[in-house]
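Single-structure report; data block below.
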Amino acid sequence: MSIKVAKFGGSSLANASQFRKVEAIIKADPDRRYIIPSAPGKRTAEDHKITDLLYLCQAHVEQGIPFDDVFTIISNRYLEIVKELGLTLDLQPYLNQIKTDIATGASPDYAASRGEFLNGLILADLLGFTFVDPADIIFFDKTGLLDMEKTQSKVSACLNQYPYAVIPGFYGTDSEGQIKTFSRGGSDITGAIVARGVNADIYENWTDVSGFLMADPRIVPNPKPIEKITYRELRELAYMGATVLHEESIFPVRQAGIPINIKNTNAPEHPGTLIVHDADPVTQTGTITGIAGRKDFTVITVEKSLMNAELGFGRKLLSILEANGISFEHMPTGIDTLSVVIADSQLKNKTEKILDEIKQQCKPDAIEISPNMALIATVGRGMAFTPGIAAKIFKALGDDGINVRMIDQGSSEINIIVGVETADFEKAVRAIYNAFTG
Ligand code: ASP
């Protein structure tokens, strides 16, 4: 019998009818044995996520403002789900306890974690699975990072006792015994930790889209779905702005070689996207897997004759960034020029200060600052060792009159990044997409 770990996102558990879909999915396959629920998400575009409302309750208490109305909205959502599912589970004592805890100064992490906790109780009851509180098996260290070793051994030891269990997502216990959450969207991480702990054959991540698309559908109309992607490709695309899965959720399963299947609760028959080991053989060369990009970068270019012969020039420049708490994204160089590409969110209002320091310490012949750059990554393991891929990208951009301001190809050859004017961003993504799919 194989083991499947299935995580369901907030929209998959937003109301009773979504719970019914989840129940049907789990019951359709007895291998789906460890289930990780998020808190109820939005039912409509205008609706609120339970997690946001719980944070709001805590913030009210912190400001000394009554939070009864907000808490009633939360209670009613859960009570309605229980009632519509026809369960006999009595959530009221739990709700009362949570309300008291928040009223008496519980932390934001504790408040937020209750969204998953309550959904876990409901789902365990609906399925007839054991409820396992992640506070007992997921641990953070003194620095606030996940204590991977302790967590993995506890998760394995605990879950091996139960053939079927529900483990709420998003939280664990810190080094002082208090509830601590992951960053937002962190139930994905819980799912990955559980998958690794029980040595799952697959980690299913159920959401409201049928996996990844080759490009952002807000930019490219009806982009093709991605059937299979490696962890490394996903990391490149996620870093460049493609989101579906929490970035940190990849590491535990990647190390253990467990594939992730992104699936759609509202279309369970769709195969979704399979995220596989980096060594997965390439079946088709000359293809790309996806395109993603981000706007709002600034390029600082420093020019100095004989820079190539000056020892320590790059180090001096980068130390200035480091001393100002700025991380950079890329560093294209020429013989006498060196550029650094920096996200505007990093630069904030430090530009003048940095320029002054560069002038003083690096004594360049010239410094040029060019804002409004967007970066676009074309990613695919099918690109590696295939001649003509870069030419295809540049021809597509050139044919559309788009000027390329920067080029960077990672040494793994699975990623070509181009920098274009922000105003050309969408047009450039479409041009590249069409060149490879048309
Ligand atoms: N409920 C949490 C959030 O909204 C965690 C999650 O859904 O993964 O961020």
Count of the range 320-334 residues which are open to solvent by less than 60 Å² (accessible area, probe 1.4 Å), under 17 Å from VAL299 (Cβ atoms) and either free of Cβ contacts under 8 Å to residues at least 12 places away in the same chain or not polar (S, T, N, Q) (or both): 7
Positions within the range 335-377 being among the hydroxyl-bearing types (Ser, Thr, Tyr) and in contact (Cβ under 8 Å) with a residue 40 or more places away in the chain, in sequence order: SER339, SER345, THR351, SER370
Matching residues in the range 351-378 - criterion: being open to solvent by 40 Å² or more (accessible area, probe 1.4 Å) and within 35 Å of the chain's Cα centre (by Cα): GLU352, LYS353, GLU368, ILE369, PRO371, ASN372
Candidate set: the range 186-202, residues that are near the ligand (Cβ under 9 Å from one of its atoms) and among the β-branched types (Val, Ile, Thr); chosen: the one farthest from GLY169 (Cα to Cα): ILE189
Unique match (being under 15 Å from the mean Cα position of the chain (by Cα), among the β-branched types (Val, Ile, Thr) and either away from the ligand (no atom under 16 Å from the Cβ) or surrounded by 17 or more Cβ atoms within 10 Å (Cβ to Cβ) (or both)) among VAL209, VAL220: VAL209
Residue within the range 95-111 that is open to solvent by less than 10 Å² (accessible area, probe 1.4 Å) and within 12 Å of the ligand (Cβ to nearest atom) present: yes
Residue among LEU317, LEU311, LEU338 that alone is surrounded by 20 or more Cβ atoms within 10 Å (Cβ to Cβ) and more than 28 Å from ALA428 (Cβ to Cβ): LEU317
Lone unmet requirement of (1) within 16 Å of the ligand (Cβ to nearest atom); (2) more than 30 Å from ALA106 (Cβ to Cβ) for ILE229: (1)
Residue that is farthest from ALA195 (Cα to Cα) [pool: residues in the range 1-52 that are assigned to a helix (DSSP H, G or I) and within 9 Å of the ligand (Cβ to nearest atom)]: ASP52
Candidates GLU62, GLU116 - the one that is surrounded by fewer than 22 Cβ atoms within 10 Å (Cβ to Cβ) and of a type in the set (Asp, Glu): GLU62
Filtered residues of the range 391-438 (kept if part of a strand (DSSP E or B) and in contact (Cβ under 8 Å) with a residue 60 or more places away in the chain): ARG405, MET406, ILE407, ASP408, ASN415, ILE417, GLY419
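The values are calculated or read from the model by the stated rules, or taken from the named source; none is laboratory data. Predicted model, so just to flag it, every value in this text is computed and none were measured. Every residue, glycine as well, gets a Cβ built from its backbone with ideal geometry; the counts of neighbours run over all protein chains shown. What goes into the accessible areas is simple: the full protein's heavy atoms, side chains included, and nothing from ligands, DNA or RNA. Shrake-Rupley method; radii C 1.70, N 1.55, O 1.52, S 1.80 Å.
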